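Step one of this worksheet: look at the structure below.
The values are calculated or read from the model by the stated rules, or taken from the named source; none is laboratory data. Since we're looking at a predicted model, the values are computed, not measured. Methodologically, a virtual Cβ is constructed for each residue, glycine included, from the backbone with ideal geometry; neighbour enumeration extends over all protein chains shown.
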Amino acid sequence: ESERAEYLSNSKEFNLERCITCFKQFRFILNPKELCSECKLFVCHDCCIYTPETKTWTCKSCIKLKEYQILSSSWFYDEVSKKHKRCGSAKIVRELHKRERELGEFN
């Protein structure tokens, strides 16, 4: 499904007229389009969820992707790699040992 959406997202005319998920044509009142806050593609009301706290629409595909990331803990590894951009896992282990030694000196 994501490959199909990615392919069709390159066609801006297609996404202006149709939902990127279900391909239904947008109608002003019957089936209005909303911009997904995550992927920035247009989706219909059936294919997205409104979040009142942030006043944004998010497509169900992005919500499902986020759930998979949470369940697989991939968000953790993404954050670690952002924090340690210019180093490998050895540097992370050294940093953890350094903190452990510093904490040991205070005890």
Please verify whether region 59-79 includes one or more residues that are in contact (Cβ under 8 Å) with a residue 12 or more places away in the chain and more than 15 Å from the chain's Cα centre (by Cα).
no
Which of the residues belonging to region 44-74 are out of contact with any Lys or Arg (no Cβ under 7 Å at 6 or more places or on another chain) and surrounded by 13 or more Cβ atoms within 10 Å (Cβ to Cβ)?
45, 56, 57, 58, 59, 60, 61, 62, 63, 65, 66, 69
What is the residue count in region 49-106 for residues that are polar (S, T, N, Q), modelled with pLDDT under 80 and assigned to a helix (DSSP H, G or I)?
4
In region 27-43, how many are in contact (Cβ under 8 Å) with a residue 24 or more places away in the chain and aliphatic (A, V, I, L, M)?
2
